[in-house]
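Each remark here refers to the structure printed beneath this line.
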Amino acid sequence: MNETEVLIVSYAPHIRDRITVEKLMWSVVIALLPALVGAVYFFGLRVLMIIFLSVASSVIFEFLAQKSFGRKVTIYDGSALITGLLLGFNLPPACPYFLPVAGSAFAVVIVKHFFGGLGYNFVNPALAARAFLVVSWPSFMTKGFIPPRFGSLSGIDALTQATPLTLIKDTKTLSPTALAEVIDKLNSCDAIRNLFFGNVGGCLGETSALLLLIGAIFLLLSKVIDYRIPLSYLGTVFLISLINFLFVKPQPSPLFHLFSGGLILGAFFMATDYVTTPITPKGRVIFGVGCGLITMLIRLFGGYPEGVSYSILFMNIMTPLIERWTKPRVYGY
Amino acid sequence: MLFRRSTFSGGIIPKEYKEKTRSLPIVTMPPPSRVIIHFSQHTGAPATPIVKLGDRVKRGEKIGEIGGSISVPIHSSISGVVKEICDLPHPISGERSRACIIESDGEDSPCPDFFLPGMDTLSIIKEAGIVGLGGAAFPTWVKLSPPKPVATLILNGCECEPYLTGDARTMIENPRAVLEGAEIMAEVLKAKVIIVAIEEDNHEAILKMKEAAREGFSSLIFAVMKRRYPLGSEKQLIASLLKREVPAGKLPYDVGVCVQNVQTAFAVYEAVRRNKPLYERVITVSGDGVSSPQNVRVRIGTPIDDVISFCGGYNGVPKKIICGGPLMGKAIPSPALPVVKATSGILIFSSAEREEVAECIRCGRCVAVCPIGLVPTFLYHLIKKNALKRAHEEGVKDCIECGCCAYACPAKIRLVESFKMLHDMRNRYERD
């Protein structure tokens, strides 16, 4: 060997899995694309503008924040892109164009970078930004819903005044017979089919369960996300809504609860955010069950029609505690 | 016939890279012109040198006497003259330790009487300097004299590190000797059962071992294991085969088991039946930086440079040379270092770029793959915050350094590296 050549001495392991942070993040971006296409199909080209604004501003804010905090600029890792995409998915299709920009600023600068940047934020940036927007501009966030191109806001032809979950909240003032009629319609095959395919009003990325599930299956099969959180989350929602459906009459069916609102989007794409959810296997199950419980509590008894985003935010805050409770058992003890 | 999945929790399934050498027969390298023999090639106290400068020694002659209650003697691997006794860098510990350099007289004449007549089997194994050849180099005679009865001997043919095929070839070429070695050890232990564990994709070894077992080895149980790293690790193998867990701070005999590597069994056979102390072993020379990857039987103490030359020399410019496997092996600073008893392979790589480390995104992969049940990223952050004592107590003390966490980390964080550094620091602190 040539004397001038120097051997590299480093600790084992000397081989590594090929997975990288970038690959993981970009996989999530790819998994969100079917739902994005669906959103454009259902709500028109305006969706593209909203998504473009939220994504572009997220990436720009990430760049500015990293520069001004003296951190390494990592805008190509896909992390800000996901935040922008998810934030856009959580906005009503008719919202004004400043909303995604304001939301991105809050998500990236305050939630993510004020707390240390990638890996250190304690709540999901996109969801925190959504909560911020709901509180700051409630009318834009609740009145910006429009019916899909070939359907109605509620997914039922006869009722057009509200999204399905809002409809249930409003029916509490109805007479018992009128209520039963509405619930019957919501439980009909047609209504569930509309919910499943996305032919219904809602935030622009959450309406089509089918398109979100296609992305989710890709993430599960490529092991980008763990099945534990989505399974326990959806399972809990299913169980509670089933009990509710069987013992309280009249109530929407478990299928209605699974496919309405932002549950599928939340369970597969936001409750599985690595940074803000437990890393322990058991902790993930507890996290999912907690999300399911709170979602159903809000949907059935709360003042808001939808509880997915708040349930995930609440469980985000619980994450350090859950992790402490659920440390795996160490071999030999 | 016993079929079992590997059932220890965690672990990884890395690419094997064994196809290069698994089908190549073991070639015996001629004795080198000079060997560097360390007196500490095993876990425990170093052997005490019993040769002086200028002494003539023969092949197999004892040059280091057993140096403590956990120790083994050391033998010369060639015949020649002791040229130097000094402290030289050790390929495994990385530190300087007592060694002697023996220059060959070119005759390779064997020492006439290795063992005293009438010695019992255990003493022969002890005198032969046999240690665990899987990589840990724990004195075999200590393992074979447990303070509690051991009912099960596991013959460990699970070579879970990528690239390495020395165990596989030993089983393919010397199945009878390996099984006989295992039987000798079972006799010493008074063990009732011998379980032969081989990974399922090691077809030829399974075939040959079973063929050999049909000729008079009726008490064997074969276990064909699913491939998963670190299955070859004692505790993981015991958990997979017997669903028993070795309690923290205890050893396999506490659960009535003794695990022995197949090459160790072969060495025991050679010592007991062929009167031959441990002065050579089979190593796999592989990696993209060597011209012709091979399984080579080399004398202990052969400079790694010589071994590489024997395998056709370098292919391109070497960037990294590893003693052992790619997941737990040690990168060495110079190919002038010698082969020791624990060297299971020499891997030469012509590229060794270290990936840039990104921030932990808390994906949980390190938790999922840790076979011990630790939360590596948490321990890493403790170490980073300099909470060393807490990190040690909260899990680093139980880390087996298998490297699964660092292998699986998408952010390329040097997890196991930080645990090893903490181990090293504590060891040094306790020693001084």
Around residue A:62, with a cut-off of 11 angstrom between Cβ atoms, what is the net charge of the other residues, counting Lys and Arg +1 and Asp and Glu -1? +2
Around residue A:177: net Lys/Arg minus Asp/Glu count, Cβ-Cβ under 14 Å: 0
How many angstrom lie between the Cα centre of segment A:57-92 and the Cα centre of segment A:267-333? 24
Over chain A, calculate the relative contact order: mean separation of alpha carbon pairs under 8 Å at least 6 apart, over the residue count, as a percent. 17
Each residue of segment B:416-424 in turn: what ³J(HN,Hα) in whole Hz from Karplus with 6.51, -1.76, 1.60 and θ = phi - 60°, glycine and Pro shown as x? 4, 4, 5, 5, 5, 4, 5, 4, 4
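Starting from the Kirkwood Rh over alpha-carbon pairs, what translational D in µm² s⁻¹ does chain B have by Stokes-Einstein at 25 °C and 0.890 mPa s?
Working: Rh = 22.2 Å.
Stokes-Einstein gives a translational diffusion coefficient of 111 µm²/s.
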Helical mean residue ellipticity (222 nm; -39500 (n - 2.57) per DSSP H run of 4+; nearest 500) of chain B: -7500 deg cm²/dmol
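Could you sort B:145-151, A:312-318 so that the peptide with the highest average Cβ count within 10 Å comes first and the rest follow in order?
Details: B:145-151: 13.3, A:312-318: 20.7.
Per-residue Cβ counts within 10 Å, averaged per peptide and sorted highest first, yield A:312-318, B:145-151.
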When chain B is treated as a Gaussian network with springs between alpha carbons less than 10 Å apart, the largest mean-square fluctuation among B:313, B:287, B:249 is found at B:249
Alpha-carbon spread of segment B:1-94, three principal axes, descending order, Å: 54, 34, 32
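Taking the Cα centre as origin and putting +1 on Lys and Arg beta-carbons and -1 on Asp and Glu beta-carbons, what dipole magnitude results for chain A, to the nearest 20 debye?
Working: 24 positive and 16 negative charges, 89 e Å.
In total the dipole reaches around 420 debye.
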Kirkwood-based shape ratio for segment B:275-432, expressed as Rg/Rh from alpha carbons: 1.04
Relative to the present Cα-Cα distance, how much length would full extension add between residue A:188 and residue A:49 at 0.36 nm per residue of separation? 46.6 nm
Angle, helix A:281-301 long axis vs. longest principal axis of chain A, Cα atoms, 0 to 90°, nearest 10? 30
Using the Karplus curve 6.51 cos²θ - 1.76 cosθ + 1.60 with θ = phi - 60°, what ³J(HN,Hα) values do you get for each residue of segment B:49-64, in whole Hz, with x for Gly and Pro? x, 10, 10, 10, 3, x, 5, 8, 10, 10, 5, x, 6, 6, 10, x
I'd like the mean, over residues of B:402-411, of how many other protein chain beta carbons sit within 10 Å of each residue's own Cβ. 5
What FRET efficiency, computed as 1/(1 + (r/R0)^6) with R0 = 22 Å and r the Cβ-Cβ distance, is obtained for residue B:45 and residue B:254, rounded to the nearest 0.05? 0.45
Looking only at other chains, what is the average number of their beta-carbon atoms within 10 angstrom of each beta-carbon in B:352-361? 5
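What percent does the relative contact order of segment B:131-272 come to when contacts are Cα pairs within less than 8 Å and at least six residues apart? Provide the component values of the computation, followed by the final result.
Details: 244 pairs, mean separation 54.9, N = 142.
After rounding, I find 39 percent.
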Run the dipole for segment B:206-359 about the Cα centre, Lys and Arg Cβ at +1, Asp and Glu Cβ at -1, nothing else charged, and hand back the magnitude in debye, nearest 20. 640
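If you rank A:114, A:106, A:197 by how much accessible surface each has, with a 1.4 Å probe, what is the order from largest down? It would help to have the intermediate numbers written out before the result.
Numbers: A:114 125, A:106 50, A:197 100 Å².
Heavy-atom accessible area, descending, gives A:114, A:197, A:106.
Output the peptides A:277-285, B:87-95 sorted from most to least packed, where packing is the average of other Cβ atoms within 10 Å over each peptide's residues. Spell out each step's value before the answer.
Numbers: A:277-285: 23.0, B:87-95: 17.3.
Order by mean packing, descending: A:277-285, B:87-95.
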Any chance you could look up the accessible area of residue A:137 with a 1.4 Å probe, heavy atoms only, rounded to 10 Å²? 80
Put a dot 7 Å past each Cα toward the Cβ at residue B:425 and residue B:93; how far apart are the dots in nm? 2.1
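Largest first, how would B:115, A:247, A:63 line up by accessible area (1.4 Å probe)?
On the way: B:115 25, A:247 160, A:63 80 Å².
Reading off the accessible areas and sorting them downward yields A:247, A:63, B:115.
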Let me know the charge dipole size of chain B about its Cα centre in debye, to the nearest 20, where only the beta-carbon of Lys, Arg (+1) and Asp, Glu (-1) is charged. 980
For segment B:12-67 and segment A:209-260, what is the separation of their Cα centres, given in Å? 61
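Report, in cubic angstrom per residue, the convex hull volume of the C-alpha atoms of the protein assembly as shown.
On the way: hull volume 136.1 nm³, N = 765.
For the protein assembly as shown, the hull spanned by Cα atoms encloses 178 Å³ per residue.
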Tell me which residues come under 5 Å, amide H to amide H, from residue B:300 once H is placed; ignore anything under 5 positions away on its chain. B:280, B:281
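Order of B:20-31, B:237-248 by packing, highest average Cβ count within 10 Å first?
On the way: B:20-31: 16.3, B:237-248: 18.0.
Going by the mean number of other Cβ atoms within 10 Å, highest first, we get B:237-248, B:20-31.
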Can you give me the long-range amide H partners of residue A:10? Hydrogens built in the peptide plane at 1.01 Å from N, cutoff under 5 Å, separation of 5 or more residues or another chain. B:331
Before anything else, pin down the relative contact order of segment A:110-219: Cα pairs under 8 Å, at least 6 apart, normalised by residue count, whole percent. 20
I'd like the mean, over residues of B:362-372, of how many other protein chain beta carbons sit within 10 Å of each residue's own Cβ. 6
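The values are calculated or read from the model by the stated rules, or taken from the named source; none is laboratory data. The structure displayed is predicted, hence computed values, not measured ones. FYI the Cβ positions are ideal-geometry reconstructions off the backbone, even for glycines, and counts take in every protein chain you see. In case anyone asks, the SASA skips ligands and DNA or RNA and just uses the protein heavy atoms, side chains included. Shrake-Rupley method; radii C 1.70, N 1.55, O 1.52, S 1.80 Å.
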